[in-house]
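Visitor: The structure's right below; bear with me while I get my questions together.
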Amino acid sequence: MLAPVFLSTNLYAQGLDQAPVTLPMPIPDVSSSIDSAHTSASELLNDFASQIDNFFGEEVAEEIVNTTRATVRLDFTDPANDDFSTTAKVKLRLVLPRSQQRIRLLLDVDEREDDDSVEALADEDLDRAFSFAFRFMKNATENTRFNVDLGARRFDQRFQTFSRLRISTKFQNDDGWSFNFKNDLREYYSSGYANRTSFDFWHRLNNDESMIFRSSTNFNWEKIQRGARVDQSFGIYKRLRHKSVLAFEFLAGYNTTPEENFNHYEGHTARVRFRKNFLRPWFHYELWPSVSWLTEEDSEPKLGGLVRLEVQFGNFK
């Protein structure tokens with residue numbers, strides 16, 4: 001009779017010596033934390049731009065929406081020459097609505113404008129050197145623009161100041177054709193001039209706003225190099241559903257005065273580019289598979305490609 005009572009009393013005493021049972025901690029909402037961090041970073045960016053704009057700009061009665069945007073890219077590149085690389089790049093488009101008629105601050109790794117790209121597909125970054133500049137803008141007509149930049153960047157293995165004059169003009173007709181001309185003349189403090197001239201032809205295919213044919217020709221001269229480099233590309237760009245873009249491109253390169261043991265014609269590349277918005281409206285990924293026939297590789301076909309991850313802050317698109 002006493003045995004069961006003794007056994008139950010002993011088990012109860014042992015239970016008092018054990019650690020109390022704790023409830024499991026709730027799993028944090030990772031998705032909500034990411035969205036909150038992104039919103040906070042975008043707000044800080046816009047506040048920073050507004051403070052600069054209020055300092056340089058004029059007071060206006062109406063409220064102005066700021067469209068400042070920052071883009072962070074991570075590229076995994078495997079070009080045709082088997083030189084695999086991983087590169088992180090930052091592009092900041094600092095828009096100052098009250099000041100933009102006088103001055104604009106550029107902070108970029110490639111100094112390209114948004115209108116240089118086709119249907120939200122960024123051009124290949126030929127020069128990843130970081131740069132910053134103040135831009136003084138003047139629009140001669142609705143389609144013609146003059147920009148004067150004063151800044152600094154890494155060029156010719158040195159970080160040096162530069163001044164730049166950019167002239168661009170655009171023509172369009174009712175048949176869906178458009179022509180863009182741009183000349184970018186830059187004078188570096190130590191290395192002298194560098195000039196880039198671009199001719200772009202665009203055309204809507206079958207009167208479809210979502211499908212565009214583009215031909216782009218670029219001429220590049222630099223004081224530190226012999227001759228000129230000519231780059232030619234043809235492409236068809238299709239805007240798909242769900243903020244996706246698909247492109248088919250053909251590129252070729254030519255050098256008027258090549259280095260010793262190199263050919264004038266450098267080769268050509270065929271590639272496909274696909275860009276898609278994923279998970280969040282500010283997150284995108286891109287895939288660039290390609291095949292190249294380079295003269296330095298005896299025109300043997302070489303596979304290459306690029307995978308890009310991109311996060312946008314501020315006024316993303």
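Visitor: With a 10 Å radius around each residue's Cβ, average the other Cβ atoms per peptide and rank 267-277, 147-157, highest first.
Guide: 267-277, 147-157
Visitor: Relative contact order for the range 155-256: what percent, with Cα pairs under 8 Å and sequence separation of 6 or more?
Guide: Relative contact order comes out at 18 percent.
Visitor: Ordered by residue, what ³J(HN,Hα) values in Hz, to whole numbers, does the range 174-181 give under the Karplus form 6.51 cos²θ - 1.76 cosθ + 1.60, where θ = phi - 60° and Gly and Pro are x?
Guide: Per residue, the Karplus-derived 3J(HN,Hα) values read 6, 8, x, 8, 9, 10, 10, 10 Hz.
Visitor: Compute the Cα gyration tensor for the range 156-304, then decide on rounded, prolate or oblate, letting a ≥ b ≥ c be the square roots of its eigenvalues: rounded whenever a/c is under 1.5, prolate when a/b is larger than b/c in the other cases, and oblate in all that remain.
Guide: In terms of gyration-tensor shape, prolate.
Visitor: Can I ask one more? Going by amide H atoms built from the backbone, whose H comes under 5 Å of the H on Ser299, apart from near neighbours?
Guide: Placed amide hydrogens put Leu294 under 5 Å from Ser299.
Visitor: Can you put Ser292, Ser215 in order of Cβ neighbours within 10 angstrom, beginning with the fewest?
Guide: Listed from fewest to most nearby Cβ atoms, that is Ser215, Ser292.
Visitor: Can you sort His284, His264, His242 so the residue with the fewest Cβ neighbours within 10 Å comes first?
Guide: Ascending Cβ contact count within 10 Å gives the list His242, His264, His284.
Visitor: Residue by residue, what Karplus-based ³J(HN,Hα) values in Hz, rounded to whole numbers, does the range 144-151 have, using 6.51, -1.76 and 1.60 with θ = phi - 60° and x for Gly and Pro?
Guide: 10, 9, 10, 10, 10, 10, 10, x
No lab work stands behind these numbers, since they all come straight from the coordinates. These figures come from a predicted structure and were not determined experimentally. Here Cβ is always computed from backbone atoms with ideal geometry, including for glycine, and neighbour counts include all displayed protein chains.
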